[in-house]
There are 6 protein chains.
Amino acid sequence: MKVSVFRKAHFNAAHRLHNALLSEEENKEIFGLCNNPNYHGHNYVLELQVKGEVDPITGFVIDTKILKNLIQSEVHDQFDHRNLNLDTAEFKTLNPSAENIAIVIWEKMRAKLPESLAVSVKLYETENNYVEFDGQ
Amino acid sequence: MKVSVFRKAHFNAAHRLHNALLSEEENKEIFGLCNNPNYHGHNYVLELQVKGEVDPITGFVIDTKILKNLIQSEVHDQFDHRNLNLDTAEFKTLNPSAENIAIVIWEKMRAKLPESLAVSVKLYETENNYVEFDGQ
Amino acid sequence: MKVSVFRKAHFNAAHRLHNALLSEEENKEIFGLCNNPNYHGHNYVLELQVKGEVDPITGFVIDTKILKNLIQSEVHDQFDHRNLNLDTAEFKTLNPSAENIAIVIWEKMRAKLPESLAVSVKLYETENNYVEFDGQ
Amino acid sequence: MKVSVFRKAHFNAAHRLHNALLSEEENKEIFGLCNNPNYHGHNYVLELQVKGEVDPITGFVIDTKILKNLIQSEVHDQFDHRNLNLDTAEFKTLNPSAENIAIVIWEKMRAKLPESLAVSVKLYETENNYVEFDGQ
Amino acid sequence: MKVSVFRKAHFNAAHRLHNALLSEEENKEIFGLCNNPNYHGHNYVLELQVKGEVDPITGFVIDTKILKNLIQSEVHDQFDHRNLNLDTAEFKTLNPSAENIAIVIWEKMRAKLPESLAVSVKLYETENNYVEFDGQ
Amino acid sequence: MKVSVFRKAHFNAAHRLHNALLSEEENKEIFGLCNNPNYHGHNYVLELQVKGEVDPITGFVIDTKILKNLIQSEVHDQFDHRNLNLDTAEFKTLNPSAENIAIVIWEKMRAKLPESLAVSVKLYETENNYVEFDGQ
């Protein structure tokens, strides 16, 4: 009997969609306004989902404080109030599209959470645009 | 490695729940206030979900501008500020329940999107009532 | 020492922006899609605000159950699942713009609430368009 | 062709995370502030999901009034404005964690809904912490 | 040229509407379910509004970190995960209605903030019931 | 009899809190993470409020399409997907705090709207931090 536990968090960052392997014209053509060389930014909303058995002693799948602290150290401390392209190792060359940010956060969470728990990451770039990645 | 991309949109329409094959009494009995002959209406919220491989060049599953334009031409231009029962071909005889509207929108999206992408449609009729259809 | 008390509620209705004193062309010109002869509709959100002294015995300005019941009888029972233009006395000739609906609801609330309480009405037609009327 | 139907509802309750099989120190250690002996409380938000075939006559998977009434009698009438630990049979000994509340509500819904419908329950304890259980 | 600055925060508490000067019957009659002797609870949402001149050096009316810390020490540390009736000095005898909680929080904020700033407090008890107090 | 009309809109921008008249240490001390030299960003939410008499012919204070177009040309086209510090004339030297952005947008709106209408601007930098300016 498995239950999913969700923890929501926020971070604010600047980014620019850009692929260094493409020409300036191709980057403008593909990414439009999102390619602005001086960056723009978002209030990203992260929804971390973790699925597993309920511990009969605690009634928890996992203490949400663990999820909160994990998001703090792995996401907030590294990405919040940062320029994703310039200030982070992950997006130095990887284009920080919502899809790629979700995959990167999923990998960070997967590396820190027990194997017995399934992990999924939903990332809202804006109220109307969001993505989800569950590792498959 | 597949990621889901979501695009949210809105449209405002009038409708009436009614099945012409049923008697007036049966329609009233089954649909209650929603059967009001003069119609009522909703701010429908549409959440289109598309799942597929991330393109390594763009970092996109699909450019959300494509989803935005598709929702504009297939849903907004056809249903927004319309009476679903009177002004649309789809619901001339089909009862415009939330379920049926979601199926109709799914079919329109499925017809226009590449086969490689899985498609799902979530439709909010009100804040408290909504439906989801993924084609299966 | 006065406190404002707010009560939120919802109703779903069809309407059409139309002024019978104008020609068909003028109506189309001014109201555009909102003039569609077959109506469209909204999930209206009503926020009723009442301001007055706090009763030292109850700690209430007014029992919110009174506000809830008043909205039920004066707004919900009369406008919900209705066509505002066809099914209500108030909008038979008055154009049901958000402004006019807010004024009509304010007048209904004002008539039923004690003189000692200030009354204000906020009405959301969509998530992005709303109006407020406080009687002045 | 199966569609999911969702119905959202709210209830306000007091609770305390506590396992009588653990010592006072262990309870404090594990549950922290949530173990406060005088209780704290939440505005719980319940999202009931029911999946099944669309009835070709009604266009409904299930009339949402049935879901509304079921939530009223099985959840609202039993848990709203209650102390989950003291006032309910279900949580006399079972720790009312979000996970356990979701499982209990799922079991109540499963027992009352037709076998042909799949049932899932999402429960928001706060805006940032929530759980989901689909019976598997 | 004065600007209002808003800071939003949350706390979860149990409470019971009760006036010790009234009989048990009167308390039940007036407060209904909210009088449940075993308490119920809410996710309270606090919106603190502070209005004043913009500092030309910082571009701030007040650093929102000051508001955040003030809410933490004066509201969160004192009310969060507490039983308002039993665990707080303020509501030992004062009935913890939304109105009274807003007044108490306003007084705490007023006492700590500079005289040059106007202070207002909005408190959401539920999504549909909320109050506002600005000291007048 | 005056009614307020509200129009909500969004724009995504990068910014950095910085005052060139202060030293680097002072900037870091005052603005903290918000002073990051590589910028960070936000999904700004703008709520434009316009108050005036209701036109008896249209039932409008002002056609919301006018407000929509004004926000598009004066705010969206100039600030969306921009770096406020680098890409805009207004914030070349003026620190783009939420307060200053609200004042700048208010001035743009005030300049374009009829004198008979009162104008107010609410600007959300994040879900928890926002400001309001009405010109006084």
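Normalised by the number of residues in region B:96-136, the average gap of Cα pairs under 8 Å and 6 or more apart makes the relative contact order 46 percent. Distances, shortest first, from the label point of residue E:86 to those at the same position in the other copies read 0.6, 5.5, 5.8, 5.8, 6.0 nm; the point lies 7 Å along Cα to C-beta. Chain A has one residue whose beta-carbon comes closest to the axis relating it to chain C; that residue and its distance in whole Å are A:127, 5. Between the C-alpha center of region C:27-88 and that of region B:22-78 there is a gap of 26 Å. Across chain F, C-alpha contacts under 8 Å between residues 6 or more apart give a mean separation that, scaled by the residue count, equals a relative contact order of 30 percent. Here the average projected area of the convex hull drawn through the C-alpha atoms of region F:1-42 stands at 5.2 nm². With its label point defined 7 Å out from Cα along the Cα-to-Cβ axis, residue D:69 lies at 2.5, 4.9, 5.0, 5.2, 5.8 nm from the matching points of the other copies, in increasing order.
Heavy-atom accessible area for residue C:84, with the other protein chains in place and a 1.4 Å probe, reaches approximately 0 Å².
Among the trypsin sites (Lys or Arg not before Pro) in region B:1-93, those placed in a DSSP loop whose Cβ has at most 12 other Cβ atoms within 10 Å are B:92. Gain on full extension, evaluated as 0.36 nm per residue between residue B:77 and residue B:112 minus their Cα-Cα distance, stands at 11.0 nm. Label-point distances for residue A:26 to the equivalent site in the other copies, using a point 7 angstrom along Cα→C-beta, read 4.8, 5.9, 6.2, 6.2, 8.1 nm when ranked shortest first. Accessible area per residue for region F:2-133, computed on protein heavy atoms with a 1.4 Å probe, is 40 Å².
Counting Cβ atoms of other protein chains within 10 Å of each residue's Cβ and taking the mean over peptide C:61-68 gives 3. Each residue was assigned an accessible area with a 1.4 Å probe, and for residue F:26 the value is about 90 Å².
Assuming a ≥ b ≥ c are the square roots of the Cα gyration tensor eigenvalues, decide whether region A:73-136 counts as rounded (a/c under 1.5), prolate (otherwise, with a/b larger than b/c) or oblate. Oblate.
Surface composition of region D:1-81: carbon plus sulfur atoms contribute 54% of the solvent-accessible area (1.4 Å probe, protein chains only, all chains present). Approximating the spin labels as points 7 Å out from Cα along Cα→Cβ, the residue D:25-to-residue E:57 distance works out to 5.2 nm. Is the protein assembly as shown rounded, prolate or oblate when judged by the Cα gyration tensor, a ≥ b ≥ c being the square roots of its eigenvalues, rounded requiring a/c under 1.5 and prolate requiring a/b larger than b/c? Rounded, since a/c falls under 1.5. Rolling a 1.4 Å probe over the protein chains gives residue E:33 an accessible area of about 100 Å².
Within region D:91-130, the GluC sites (Glu not before Pro) that combine a DSSP coil assignment with at most 11 other C-beta atoms in a 10 angstrom radius are D:115. Stretched out straight at 0.36 nm per residue, the stretch from residue E:134 to residue E:38 would grow longer than its current Cα-Cα span by 31.3 nm.
When the accessible areas of F alone and E alone are added and the area of the pair subtracted, with a 1.4 Å probe, the result is around 1800 Å², both sides summed. Helical runs (DSSP H, four residues minimum) scored at -39500 (n - 2.57) apiece and divided by the length of chain E put the mean residue ellipticity at 222 nm at -7000 deg cm²/dmol.
The values are calculated or read from the model by the stated rules, or taken from the named source; none is laboratory data. In this text, all values refer to a predicted model and were calculated from it rather than measured experimentally. Neighbour counts run over all protein chains shown; Cβ positions are idealised from the backbone, glycine included. When the accessible area is computed, the model is the full protein with side chains, heavy atoms only, and any ligands, DNA or RNA have been set aside. Shrake-Rupley method; radii C 1.70, N 1.55, O 1.52, S 1.80 Å.
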